[in-house]
1. Please report, in debye to the nearest 20, how large the charge dipole of region 258-349 is about its Cα centre when each Lys and Arg carries +1 at its beta carbon and each Asp and Glu carries -1 there.
2. Heavy-atom accessible area per residue, the chain, 1.4 Å probe: how many Å²?
3. Can you give the angle from 0 to 90° between the axis of helix 17-49 and the longest principal axis of the chain, with both taken from C-alpha atoms, to the nearest 10?
4. Do you know the relative contact order of region 146-267, to the nearest whole percent, from alpha carbon pairs under 8 angstrom that are 6+ apart?
5. What is the angle, in °, between the Cα long axis of helix 393-417 and the longest principal axis of the Cα atoms in the chain? Nearest 10 is fine, range 0 to 90.
6. Which value in nm describes the separation of the simple spin-label points at LEU314 and ALA177, placed 7 Å from the Cα toward the beta carbon?
7. Can you tell me the relative contact order of the chain? Whole percent, Cα pairs under 8 Å, sequence separation 6 or more.
8. How large is the charge dipole for the chain, taken about the Cα centre, if only the Cβ atoms of Lys, Arg (+1) and Asp, Glu (-1) carry charge, to the nearest 20 debye?
Amino acid sequence: MAGIGFELRKILKRDNLSSLLQAYSYAALISSGSWVLSIVGILIIGVMSYAVVVPSTIIVQFEVSITYVISFSLVFTGIFQLALTRFTADRLFEKHMDMILPNYHAVSLTVTVLGGAIGLVCVIFLFPQQSVLYRLLLLAAFVIMSNIWIATIFLSGVKQYQAIVWLYLLGYAITVAAALALRWAGLEGLMAGFVIGQAMLLTGMMALILRNFVSDRFISFEFYKKKWLYPSLMVTGFLYNAAIWVDKVIFWYTEETSQAIIGPLRASVIYDLPVFLAYLSIIPGMAIFLLRMETDFVEFYDAFYQAVRSGASLETIEKHRNGMVETVRLGIFEIIKIQAIATLLLIVTGESILRWLGISTLYLPLLYIDIVAAGLQVVLLGILNVFFYLDKRPIVMWLCAAFVALNIALTSLSLKLGPAFYGYGFAISVLIVVLAGFVLLSHKLEVLEYDTFMLQ
């Protein structure tokens, strides 16, 4: 993400109100634009198809199918995302630019083959009642989405950020247009439109990658060599994505809180809608997270390690370390403050929003707790981000493992306690992990100089 930090600092150097607003808007688009566009795109397809697609249950089947594709592709590619990011960052630092593109192709091939094999087994044995075309489109959507998540890693290293935003806009515009054009064909038409749009998005991302990374080799597998492979990052990526989705899966497959939609796919209306609305509330927090962590913190981080490498005095090293500590505290406090404001606004307007959307106000208590949980998740991202900068990979891995275990245990407990406790499992899980992260981060920052020199 360092390249994004450079761009944001360039905007902020103009030092006026318009540049500040531009920087925050830019950070919001970069941090949240892709998933907001995907959610909005799927909703537009659904809303505009109700008058044409009969029966309307087909639209629900489409939306649930895509939700499963997104969730399981994220969990699956989580195994590769962080490890590939680290591999790419190390090669950039070493000036070995020629190694990046071939290894991207190797990981993309792995994701395509392995994901395709897993997906093929699933669509053959789990969807015997659905048409062959639907199963093929579901498989194609899963493989393409998996490759999009991998390609997105490389886009974080490209400095043409406006091109990235326009690329996502264009990709989802095509997705919506294609799905609406083919909606006359029912479920298969909507699925085909989605696959066409996502394939165009992936093509555009590939073109951007190929333009910015060159090599005389097409494919290379150094990424999988022991000295460059990071198993802890692979486990962490899987665990974090699993932790985010596991409570949803539990609600989906609990009889009392869900209903069958298509084949083995189920949905929980009582849980899914409040969670969706709550996640929209984290856009301001994500913008703050990206802006503060990738500008102020990175400056002191670079200064600290440059002082260590150049043999600066202990006083200078401690000065930069104190700057890091202060920016971490201010950054996380600002995230909490912005999310608190967003949470209060949604609590005040929540009932009106639900009525406007035609959703029962019985969802209000669950919406409130989900808003708090989503805000805490942004704080957790900030903490994990600092640990990644400090290369404390084992700590992040164990925090994510605790997140998974707590979310499974507490969500299951909340289901047994009844509807009044729905959502508390996820919220309390995030809160416990955030508090543990604060304690560990405070300790690691206090002994940062000792750890840094002992690692040499």
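The values are calculated or read from the model by the stated rules, or taken from the named source; none is laboratory data. For clarity, every value in this text was computed on a predicted model and none was experimentally measured. Here Cβ is always computed from backbone atoms with ideal geometry, including for glycine, and neighbour counts include all displayed protein chains. Just the protein is used for accessible areas: all its heavy atoms, side chains included, with ligands, DNA and RNA removed. Shrake-Rupley method; radii C 1.70, N 1.55, O 1.52, S 1.80 Å.
1. 240
2. The answer is 46 Å² per residue.
3. Helix 17-49 and the main axis of the chain meet at about 20 degrees.
4. The value is 19 percent.
5. Once rounded, the angle reads 30 degrees.
6. It is 6.5 nm.
7. 19
8. Dipole of the chain, to the nearest 20 debye: 520 debye.
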